[in-house]
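To start, the structure under review is shown below, and the notes come after it.
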Amino acid sequence: MATPRRLVFGDVADLYDRHRPTYPPELVDDLIADADIPAGGRVLEVGAGTGKATELFAARGVAVLAIEPSAGMAGIARRKFAGDPNVAVVECDFELWDPAAERFGLLYSAQAWHWIDPETRYAQAHRALRPGGLLAAFWNRPAWG
């Protein structure tokens, strides 16, 4: 059975991690400020991949709950953040993930929001966000020479 298109990067997760560009640090700073995330506050990442954006948030003292459906991508993220008590990687489809009673001031998705089921993604985000919480979906667009 073929890998679903939204999970194909997991088949080349090491290559993806080596070559996917990161994100502007200023973007992360702005999101933390706009969502009013305090030092040590916890945010939710949807489609964490190998942790490219996770690294930027964690480096700023923000705790990250990273949801990633691909075993290959989640495996790299787990290795990358092994020993970091502020990063938790959950291997699960966001559409099926249960936020239980936890609500977040910031839910972000770097390079992945378009892969989440359009019929359920906003309702699931609403369940995960506290009132007034911020949903941020962003991508990088390399400038090819």
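The values are calculated or read from the model by the stated rules, or taken from the named source; none is laboratory data. Because the structure is a prediction, the values reported are computed rather than measured. Using ideal geometry, Cβ is built from the backbone for each residue, glycine included, and neighbour counts are taken over all protein chains shown. Heads up: the accessible areas ignore ligands, DNA and RNA and are worked out on the full protein's heavy atoms, side chains in. Shrake-Rupley method; radii C 1.70, N 1.55, O 1.52, S 1.80 Å.
Mind checking which strands (runs of 3 or more DSSP E) fall wholly inside the stretch 70-139 and carry at least 1 residues that are open to solvent by 80 Å² or more (accessible area, probe 1.4 Å)?
Qualifying strands (runs of 3 or more DSSP E): 87-91, 129-138.
Go through (1) of a type outside the set (D, E, K, R); (2) surrounded by fewer than 19 Cβ atoms within 10 Å (Cβ to Cβ); (3) under 15 Å from the mean Cα position of the chain (by Cα) for Leu65 and report which single condition fails.
(2)
Output the number of the condition that Asp36 fails; it satisfies all remaining conditions of (1) open to solvent by less than 10 Å² (accessible area, probe 1.4 Å); (2) acidic (Asp, Glu); (3) assigned to a loop (DSSP other than H, G, I, E, B).
Here Asp36 meets the rest and fails (1).
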